[in-house]
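Report on the following structure.
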Amino acid sequence: MTIAVYPGSFDPITNGHIDVAVRAAHIFETVILAVYDRPLKNLLFPTKKRLELVREAVAGIPNIKVDSYSELTVNYAHKMGATVIVRGMRAATDFEREFQMAHINHLLCPHVEVVCLMASQRYSFLSSSAVKEIAQLGADLSNFVPPHVERALREAYGQRQEGQT
Ligand code: ADP
């Protein structure tokens, strides 16, 4: 049985992340969608909220589990019995970072392989930061994130939601 960890900041989870997670779940018996607790980024959502949004996004897919972690990703993968780390690859801009991280991870833990899934064409432009920028400007997010994530973004930016008076 192959266990794969799909790590990321997921601040917040987008349709592009969900697409990669679902496709990974077709390949591997178990996928652990792992929310990194301490990314070197300014976060909008605390870990608890990012986890909650991820959980709701993949609820109903029995072989996707959700967790958070704060150690080195390869150490976490090893601890969970995973032999694969899944990453999503959008454009050439992702390549250099993923390439470097994959090699570092391989040196740190040769038993864990990094598998990159190419972003689906319709999500290849999508990132959490773009979604936050669009949300801040109050535009429609329905093509980019599930409704519960859109609600959380509106709430975070103090915006009224449709149907509210
Ligand atoms: P990180 O901070 O680790 O890059 P992210 O949450 O931004 O975390 O992304 C997690 C993973 O998902 C990364 O491998 C990233 O390249 C990938 N990813 C992000 N957006 C998309 C998308 N739209 N389609 C496919 N993969 C994506």
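The values are calculated or read from the model by the stated rules, or taken from the named source; none is laboratory data. A quick note: this is a predicted structure, and the numbers were derived from the prediction, not measured. Neighbour counts run over all protein chains shown; Cβ positions are idealised from the backbone, glycine included. Each accessible area value is taken on the protein alone, full model and side chains, heavy atoms only, with ligands, DNA and RNA left out. Shrake-Rupley method; radii C 1.70, N 1.55, O 1.52, S 1.80 Å.
Kindly indicate which of Ser124, Ser129 is touching a residue at least 24 places away in the same chain (Cβ under 8 Å) and within 16 Å of the ligand (Cβ to nearest atom).
Ser124
Tell me, yes or no, whether segment 59-75 has at least one residue that is over 24 Å from Ala156 (Cα atoms) and within 12 Å of the ligand (Cβ to nearest atom).
yes
Tell me whether segment 139-148 contains one or more residues that are open to solvent by less than 30 Å² (accessible area, probe 1.4 Å), among the polar types (S, T, N, Q), modelled with pLDDT of 90 or more and closer than 24 Å to Leu51 by Cα.
no
Please go through segment 96-120 and pick out each residue that is free of Cβ contacts under 8 Å to residues at least 40 places away in the same chain and within 10 Å of the ligand (Cβ to nearest atom).
Arg97, Glu98, Met101, Val114, Cys116, Met118
Within segment 9-113, considering only helices (runs of 4 or more DSSP H) that don't extend past its boundaries, which have at least 2 residues that are open to solvent by less than 30 Å² (accessible area, probe 1.4 Å) and aliphatic (A, V, I, L, M)?
Correct list: 15-27, 47-58, 73-79.
Are there any pairs with C-beta distances below 6 angstrom linking a residue in segment 5-18 that is among the hydrophobic types (A, V, I, L, M, F, W, C) to a residue that is part of a loop (DSSP other than H, G, I, E, B), with the two at least 6 apart or on different chains, and if so which?
What qualifies is Val5/Ala82.
Does at least one position in segment 143-152 carry a residue that is away from the ligand (no atom under 15 Å from the Cβ), in a loop (DSSP other than H, G, I, E, B) and either closer than 15 Å to Tyr36 by Cβ or under 14 Å from the mean Cα position of the chain (by Cα) (or both)?
No, segment 143-152 contains no residue that is away from the ligand (no atom under 15 Å from the Cβ), in a loop (DSSP other than H, G, I, E, B) and either closer than 15 Å to Tyr36 by Cβ or under 14 Å from the mean Cα position of the chain (by Cα) (or both).
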